[in-house]
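Everything on this sheet refers to the single structure shown next.
The values are calculated or read from the model by the stated rules, or taken from the named source; none is laboratory data. What you see is a predicted model, and the numbers here were worked out from it, not measured in a lab. Cβ sites come from the backbone with ideal geometry, for glycine too, and all protein chains shown count toward neighbours. Ligands, DNA and RNA are stripped out before the accessible areas are found, and what is left, the full protein with its side chains, is counted by its heavy atoms. Shrake-Rupley method; radii C 1.70, N 1.55, O 1.52, S 1.80 Å.
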Amino acid sequence: MSAKGLPIRDDVSADELRRLARRESDRAAATRMLAIAGALEGLPRAEAARLAGMERQALRDVVTRYNAEGLAGLHDRPRSGRRARLDEVRRAALRQLVLDGPEVETSGLSAWTLPDLCREVEARWGVTYHAAHMSRLVR
C-alpha cells in the first residue's frame, strides 16, 4: 500500500491481479487490474496510470471503486439507454418466425426478406423497424 494518496485494499496481491488480468475477457477491466497492480507494487500513481494508458485521476476513480466493490467494481456498469422495442418474449417469437420461414400458402412468400419481416413485425406487434435495423436484429 502506498504511503501517500488513497490507500488501496490489499486482499488481492499485485501478482494475483496480473494473473486475473491475463485471463479477463473484458479488456477495460483487465487494464484497470494492471494499473492497480502497478500501484500496489509501489510505482507512483501517475506512472502506474500512464503504463496502463489512463490518466492519474482515472486511476484514482478506479481505486475508489475497487476499494468499495472489489474486483466487480473494475467492470463497466450497465449503461442506461433506450429500451428495446421488442421484449425478450417477442424477440424469441421473431427468432422462431425467421427459423420457421413464411407460410407459402397464406403469404405467397417462399423466403423472408428484410422488408417482409418489417411488415410482419408491424402487423403482429405494432412495432416499426427500418430494414437495416431488422438486419441487425436478425444477425
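Quick notes on this one:
- Within the set VAL63, VAL98, the sole residue that is in contact with a helix residue (DSSP H, G or I) (Cβ under 8 Å, 6 or more places away or on another chain), β-branched (Val, Ile, Thr) and either open to solvent by 50 Å² or more (accessible area, probe 1.4 Å) or within 30 Å of LEU137 (Cα to Cα) (or both) turns out to be VAL98.
- Annotation: of all residues in segment 72-95 being open to solvent by less than 60 Å² (accessible area, probe 1.4 Å) and outside any loop (DSSP other than H, G, I, E, B), the one that is nearest to ILE36 (Cα to Cα) is LEU74.
- Some residue of segment 4-25 being open to solvent by less than 20 Å² (accessible area, probe 1.4 Å), touching a residue at least 40 places away in the same chain (Cβ under 8 Å) and under 24 Å from the mean Cα position of the chain (by Cα): no
- Residue list for segment 32-56, filter: open to solvent by 40 Å² or more (accessible area, probe 1.4 Å) and assigned to a helix (DSSP H, G or I): ARG32, LEU34, ARG45, ALA46, GLU47, ARG50, LEU51, ARG56
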